[in-house]
Amino acid sequence: MEGKQTHLAWIKDHSANLAAYGGVVFCVVFFTILTPMFGESIWSARKLETLMSNVIVTALMSVGAVFVYSLGNMDISIGRQVGLYATIMVVLGNSTGSLVVPILVCLLLSVVFAVINGATGEVLHIHPIIPSLVVMFVLTGVNSMLFVNMNTRNISLTSMGHEIFKSPILMLVVLVAEVLIVSYLFNFTKYGKYAKAIGANQVSAQQSGVNLIKYKVIAYIVMGVCVVVASVFQMGYTGAAADATGTGFEMNVMVALILGGMPLSGGMRSKVSCAVVGAFTFALLDVGLPMIGIAARNTYIIKAVIFLIVVLITCRKKDGVLPR
Amino acid sequence: MKKTLALILALAMALSCLAACGNPGSAGSEAPAPGTSEAGQNNPSGEDNGKILFMANLNAGPQYDAYLAYLDMVCGNLGYTYEVILGDESNDPAGNLTAVQNAMTNDVVGLIACQDGGLSEILAEYPDLYVAGFASDMASVYDEGGTNASVKDNDHFLGTVADQYVNGADVGQMYFDLVVEKGYKKVATICFPPFAYPQLAVADEVFRTLVEEYNQTADEPIEVVGEAEVLMFEPLSDAYFMEAERQDLDCIVAPLAGCTFVYPALKSAIASGTISADTKLLTSGFENDEDLLADFGDDGVITAICIMTPESILVPMVMLDNAIQGKPFADYTASEAVDSALYIIDSREDMDRVLSSSLLGTGDAANTAASWDAIQDLFTRNNESATYQGLKDFLYSDALTVDGLA
Amino acid sequence: MKRFAKRAVGTLILPVVMYLVMMALCYSNGKMYFGTWTMWRSLIADIALSATCAMGIGLQFKNGRFDFSGGAIMLLAAIIAGNVAKEAGDSLVVLVAVSIGVCVACSLLVAVVYVFGRMPIVIVTIGMALLFEALTCLIYNGGGINLVGNSTLKSLSSFPGVLIPFLCCIGVYAFYSYLTTTGKRASLLANNQQAAANIGVRESRNVIISYVYSGILFGLATSIYCTTAKLTGAFNSLQTVTSLFSNILPVFIALALSVFCGDTIGIIVGAVALSLMSFGLEAVYTAEFGSALSFILTGVFVLLFNFIAGQGEVFRAIGAGLTARFGQSKNHAEESA
């Protein structure tokens, strides 16, 4: 009896987490049962590859974005950064014959953007979303200019092969490695702890001696590195970059994190697993719904309804004032 | 509360299952309206030859409805089902590849692609898939050094039908002929950026060259005002008509979707008195909006529309079916980009005929000039002596022009 | 008088400077039509659309609620209202009534989900944006609406007809902000949510009423928006949110200028400044580079503006220092005399 009560209490305390995981588990069970009835299982080798390719970029970005979102911030320049990094990788990759130099250049740029996004708000006393809005606008223009100058709408990597980036094994290994590294940084180092503390209560964190600018910039740097890794796979999967590459990716990250149960106000309840859970849930829907005969234009409404239901379960605040 | 919500989640998932339970191939089901159904419903042939994916570059509109109506008819008679998939809006290779991957099932045998982004990756991923292009010149395939140049020699790529002309020079010639026919003397040109649509730049250059040649012997020369205005995929700005030299134009030549990108600003400028009320528009693209149609003709603002005849989708279907059946044309040697059949609608009478008795205007396959009876012998499965040249001859015959309409 | 002058300068300096800069740029490039009545006729329509959208977003934003669903609501309302108005024989009244009706209904739905779901507003509005966008892909076969050729219905998106929804929007926004209890209570909630709740402000009721008002504002904006361009269903998830980030810029400017002129006039001033900048850049630069440069300069402008606006304390300190110094000099001069 006591054991049962303990279990019930545990379930009650972790209902939000269970609901978030429940979403992806339900999708897994649902499509596992249903898709074979329509001719092909979602777990066939081909569909697993499709699932991995669908999820990898969003998952890699979202894992890094946990650091920024735990601050209570959001970065709306992620998509444009991916577009720029993919373009640089193709252009410099073609001229140098290797991806090492372009990746290093992209990492350097990610640090620059991290400093702008992370520090500008504090230093200039402006709303934290303004710097990322500015970076988004500027990168949109820069990317557009690059392609106008190159006189094309898309460019491809011709100097080297990129088949390796299609390997679902590599994708999985990189994702697992990134999750482990970011989880370690987030849960066991001061970088993550201070990021959560800033998200929970910035004033208290500052008065406790946390250097706001330093740890915000570090959070954005961690995210920036993850975005560069995601860009490698975005570019590498087709060996190409286009002027529209990365459009809307910041919203994909936001949706994935929300679906995974990430509190957008940041703080102590932030978890790296939110990123993976949310990214996989949406990817399962993207891959599975067409397999069970849902027409493309009907998938949007189903995804919207499921999103609302999952967040109703995971994000509902019990009492007090309405959450902001 | 949470239990209730979890049950609602389960119900939502279950309902989505029920939503999928309509069997696309069931006989006797009501034929869906074009645009609402995205899988072929009618299957009079009774065969099951697999599924064709149609990666359209449109989501709605009279052209989209016409394509689907025609595919319903053709696929139904050939024993295929088809499914519309939504490619990437910006032709991003990864987006197009993902769209195909998500839609790919064991029964997919062919793909009609209206965008060329990611084609080489699609063919590498699915080497058994037959792909034919439609409403695209597939410049990345056929241009030297194009990003998908490797696809050209792939025997599973079956060529493409361009949206109107492959070569921009022919587009320039067409619009020059219209300007001369209509008697316009002061014109301006508008196009999309050359880096995205290089053939439009060619068209503009050829147009201006033809005008110069014409002016050498003409009594009344034609004046082309300024350089071509380039639209960055945004509608024309009102500031365009504030330039003094553009306030008394006879016409604007816009070989792009002018009804969407040029017409609004032109109409506003006319309504506000900024420009002459006699400024006309020669453009491409078809809208069946009543107000736009009422403004068509020599008395209206839009005096000519050039548009691909939707029955041109017949070509990729023939090529795909021949390849899938293992019976290619004897005279087909290599993939190529071919011009489409063309409607040049340059009078009110033409427009009325298109609206009342064409597939494009009615969205009804019963009104097609390329009915199943007319085309079935173009397929090698029905006629072993059918030829690729014969297919092209049919495509360019009068039957698929405005003159061929009742 | 001095105070009025200070406020007037603070309010007008941005649009005036922008006007002068753009005029210099245009005139130096031979675009002499800048500043003419023809330009203003066209620009007023753009300003009206930008300002009305910004007011709809800003009403919630200044109450601490970042609303991502405005774009999707407007798109859905535009498609429904446009189609219904056409079927009703191009009726302007029907267009406006259905626009406002649908926007209010959708905004109410957002409010209800927020209040009863008790979820963060960003999450609610993203979810509702997904839902409304999905509906635009289903209604009328995803074909949207194209009213650009309809001169009757277009009268509300061109001068002088555009002034009607524009002025109504200003009236509604100002009425809500300054003349309703809801608006004043919303300010209390925005400043200190817990304290306001403790003194008896019923937040749920306040939120629902404020969303009715933002629905009205979006409805008026929709009656302009639906005839400016061809509108189709949103087949890319959250594509309407991208437009939010452009339409919210006047709100940021308004927040900075509110100390001089209040946020109502601030939004209009912001919309004027941004429209002038956009018009000038489009007129001068070629399409490819013009578009890219416009994005870059808009971003830099937003950053600079917010930076300058955020240095209020620094400017006050400089002002106080100058006053003290000149005040001393004046005293010395008087003593010498």
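Structure data summary
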read-out	value
Residues within the stretch C:144-169 that are crowded, with 21+ Cβ neighbours inside 10 Å and within 9 Å of chain B (Cβ to nearest Cβ), tallied	11
Of residues in the stretch A:139-157 being more than 10 Å from chain C (Cβ to nearest Cβ) and surrounded by 18 or more Cβ atoms within 10 Å (Cβ to Cβ), the one farthest from B:Val230 (Cα to Cα)	A:Leu157
Residue within the stretch A:45-52 that is crowded, with 24+ Cβ neighbours inside 10 Å, closer than 30 Å to A:Gly199 by Cα, in contact (Cβ under 8 Å) with a residue 40 or more places away in the chain and of a type outside the set (A, V, I, L, M, F, W, C) present	no
The stretch B:263-285, residues that are closer than 24 Å to C:Ser155 by Cα and in contact with a Leu (Cβ under 8 Å, 6 or more places away or on another chain)	B:Tyr263, B:Pro264, B:Ala265, B:Leu266, B:Ile275, B:Ser276, B:Thr279, B:Leu281
Filter result for A:Asn54 (within 12 Å of chain B (Cβ to nearest Cβ), touching a helix residue (DSSP H, G or I) at 6+ places or on another chain (Cβ under 9 Å) and not β-branched (Val, Ile, Thr))	yes
Residue list for the stretch B:230-242, restricted to those being more than 7 Å from every other protein chain (Cβ to nearest Cβ) and more than 23 Å from B:Asp291 (Cβ to Cβ)	B:Phe233
Boolean, B:Ala374 is within 21 Å of B:Phe134 (Cβ to Cβ), modelled with pLDDT under 95, of a type in the set (A, V, I, L, M, F, W, C) and assigned to a helix (DSSP H, G or I)	yes
Residue among A:Gly267, A:Gly261 that alone is assigned to a loop (DSSP other than H, G, I, E, B), in contact (Cβ under 8 Å) with a residue 12 or more places away in the chain and within 14 Å of chain B (Cβ to nearest Cβ)	A:Gly261
Flag if B:Met104 is at the interface with chain A (Cβ under 8 Å from one of its Cβ atoms) and either crowded, with 23+ Cβ neighbours inside 10 Å or of a type outside the set (Gly, Ala, Ser) (or both)	yes
Residue in the stretch C:64-80 that is nearest to C:Phe235 (Cα to Cα), counting only those that are of a type outside the set (A, V, I, L, M, F, W, C) and either free of Cβ contacts under 8 Å to residues at least 12 places away in the same chain or crowded, with 24+ Cβ neighbours inside 10 Å (or both)	C:Gly71
Output for the stretch C:81-90, where each listed residue is in contact with a helix residue (DSSP H, G or I) (Cβ under 7 Å, 6 or more places away or on another chain) and over 14 Å from C:Ile224 (Cα atoms)	C:Asn83, C:Val84, C:Ala88, C:Asp90
The stretch A:310-324: number of residues that are at the interface with chain C (Cβ under 7 Å from one of its Cβ atoms) and touching a helix residue (DSSP H, G or I) at 6+ places or on another chain (Cβ under 7 Å)	7
C:Gly200 more than 17 Å from C:Val104 (Cβ to Cβ), assigned by TED's automatic domain parsing to the domain that holds C:Met74 and either of a type in the set (Lys, Arg) or without any contact (Cβ under 8 Å) to a residue 60 or more places away in the chain (or both)	yes
Which numbered condition B:Thr147 misses (of (1) touching an Asp or Glu at 6+ places or on another chain (Cβ under 9 Å); (2) crowded, with 23+ Cβ neighbours inside 10 Å; (3) within 14 Å of chain C (Cβ to nearest Cβ))	(3)
Within the stretch B:191-280, helices (runs of 4 or more DSSP H) holding 2 or more residues that are more than 20 Å from the chain's Cα centre (by Cα)	B:198-217, B:263-271
Residue in the stretch A:227-239 that is part of a loop (DSSP other than H, G, I, E, B), of a type outside the set (A, V, I, L, M, F, W, C) and farther than 27 Å from B:Ile122 by Cα present	no
Residue count for the stretch B:51-93, restricted to those that are more than 12 Å from the chain's Cα centre (by Cα), closer than 29 Å to B:Phe195 by Cβ and more than 14 Å from chain A (Cβ to nearest Cβ)	0
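The values are calculated or read from the model by the stated rules, or taken from the named source; none is laboratory data. Here the structure is a predicted model, which means the values were calculated and not measured. With ideal geometry, Cβ positions are generated from the backbone for all residues, glycine too; neighbour counts draw on all protein chains shown.
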